[in-house]
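The values are calculated or read from the model by the stated rules, or taken from the named source; none is laboratory data. Model, not experiment: these values are computed from the prediction. Quick reminder, even Gly has a Cβ in these numbers, built from the backbone with ideal geometry, and neighbours come from all protein chains shown.
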Amino acid sequence: MTEEEFLNILKTGGFKERFDAVSRADPAYLTHAISDKDENIRYKVASRIPAENLPPLINDPYKEVRLIVAKRIDQKELPKMIKDKSFWVRHAVAERIDKSFLPSLMEDKEPIVRIMVAERISEEYLKDMLKDGEALVRKAVAKRIPAEYLYLMRDDASESVRNIVSERLSELLPP
């Protein structure tokens, strides 16, 4: 299909014709479909378009489109997505963003995002997360926090956190 044929389908075709066109067209043509009125078309575009052409979709109204964008976009563009309204998008951002940006996600309202942060953030920041209100976040912290801070977590409210701390402390003691 030529670019002209693709443009014609976008202008005159129904959903099925447009979806088929974005599914098989040369990825270089897909920038023409970035603002399609249908979120399913934009989703297909986001999954096939070259990554360097994804920035216009960062603020797409459809969270599934933004999720695909967060998983595929160039890493240097991810800071623009840190405050996305969908926690799944913020989780994908936390999974891929340069570690230097993770401190800005340490207090995200969603535990799943904070768990990802605790799994990736530089160890020096973990002491700031050891009192997190969510046990699963503290558990992730306990697995990675530098040994000198483990004692601060010995009396954690969560048994699983205390078990991780106890196990790590016992590994530090000579036999």
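Against the test of being touching a helix residue (DSSP H, G or I) at 6+ places or on another chain (Cβ under 7 Å), farther than 24 Å from residue 136 by Cα, of a type outside the set (Phe, Trp, Tyr) and not assigned by TED's automatic domain parsing to the domain that holds residue 144, the options 79, 111 yield a single qualifying residue, 79. The set of residues in the range 11-28 that are farther than 15 Å from residue 40 by Cβ and within 27 Å of the chain's Cα centre (by Cα) comprises 27, 28.
Give the residue, chosen from 10, 30, that is free of Cβ contacts under 8 Å to residues at least 24 places away in the same chain, surrounded by 15 or more Cβ atoms within 10 Å (Cβ to Cβ) and either in a helix (DSSP H, G or I) or on the phi > 0 side of the Ramachandran plot (or both).
Working: 10 fails: free of Cβ contacts under 8 Å to residues at least 24 places away in the same chain.
Exactly one of 10, 30 is free of Cβ contacts under 8 Å to residues at least 24 places away in the same chain, surrounded by 15 or more Cβ atoms within 10 Å (Cβ to Cβ) and either in a helix (DSSP H, G or I) or on the phi > 0 side of the Ramachandran plot (or both), namely 30.
Screening residue 165 with (1) modelled with pLDDT under 95; (2) within 29 Å of the chain's Cα centre (by Cα) gives one miss only, at (1).
Among the hydroxyl-bearing types (Ser, Thr, Tyr), surrounded by 16 or more Cβ atoms within 10 Å (Cβ to Cβ) and in contact (Cβ under 8 Å) with a residue 12 or more places away in the chain: does that describe residue 122? In short, no.
Here residue 90 clears all of (1) under 11 Å from the mean Cα position of the chain (by Cα); (2) not assigned by TED's automatic domain parsing to the domain that holds residue 17 except the condition numbered (2).
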